[in-house]
Structure formats: structure tokens, C-alpha cells
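Engineer: Questions regarding the structure given below will be posed in turn.
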Amino acid sequence: MGNTHSVKLKVNGVMQSLQAGTVQDVIAHFGLTGKPVIVEADGVILTPEQWADTTVSSGMVIELVHFVGGG
């Protein structure tokens, strides 16, 4: 994680306080790096290429949708 700071984000409907600078940091925080994830930040769906360039700030609303295998 590069330039991180303490932020309060609403992630999947729950307020979270974490150290993050970008959406990529948030994904890493939740252990989802390298996994198939769809990210929506403040109502906008981001491509994986945008994650490292999208800065997070307190009050942001992020939805993380990831796929879980099972049978």
C-alpha cells in the first residue's frame, strides 16, 4: 500500500475505518486481491485498471461483489 491514510468508508452497507489510499488498498484489506471482484464506488462501477488510480476519501460508499465457489 502506497500513500494510505485513515478513512471511514461504507463498504457493503457497513461503516468501516481502515487505512487506505486507493480502491486497490480497500480490496487488499478485505483479502480480495487477485480474485474476481466487481467494485462500485459512489455508484460508479470501476474496471480493475481503475482501482489503483481511484483515491478513497472518508464518506465514500463502496460495494464489493465477489464470487464464492461452492456446490
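Engineer: Quick one: plug the Kirkwood hydrodynamic radius of the range 1-65 (C-alpha pairs) into Stokes-Einstein at 4 °C, 1.567 mPa s, and report D in µm²/s.
Structural biologist: Diffusion coefficient, whole number: 113 µm²/s.
Engineer: Express the accessible area of the chain per residue in Å², computed with a 1.4 Å probe while the remaining protein chains stay in the model.
Structural biologist: Result: 61 Å² of accessible area for each residue.
Engineer: For the chain, give the magnitude of the charge dipole about the Cα centre (Cβ charges: +1 Lys/Arg, -1 Asp/Glu; no others), in debye to the nearest 20.
Structural biologist: Once rounded to the nearest 20, the dipole reads 220 debye.
Engineer: Right, next: With a 1.4 Å probe and every protein chain kept in, tell me what percent of the accessible surface of the chain is carbon plus sulfur.
Structural biologist: Percent of accessible area from carbon and sulfur atoms in the chain: 54.
The values are calculated or read from the model by the stated rules, or taken from the named source; none is laboratory data. Values in this document were obtained by computation on a predicted structure and should not be read as measured data. Glycine also receives a Cβ, built like all others from the backbone with ideal geometry; neighbour counts cover every protein chain displayed. Each accessible area value is taken on the protein alone, full model and side chains, heavy atoms only, with ligands, DNA and RNA left out. Shrake-Rupley method; radii C 1.70, N 1.55, O 1.52, S 1.80 Å.
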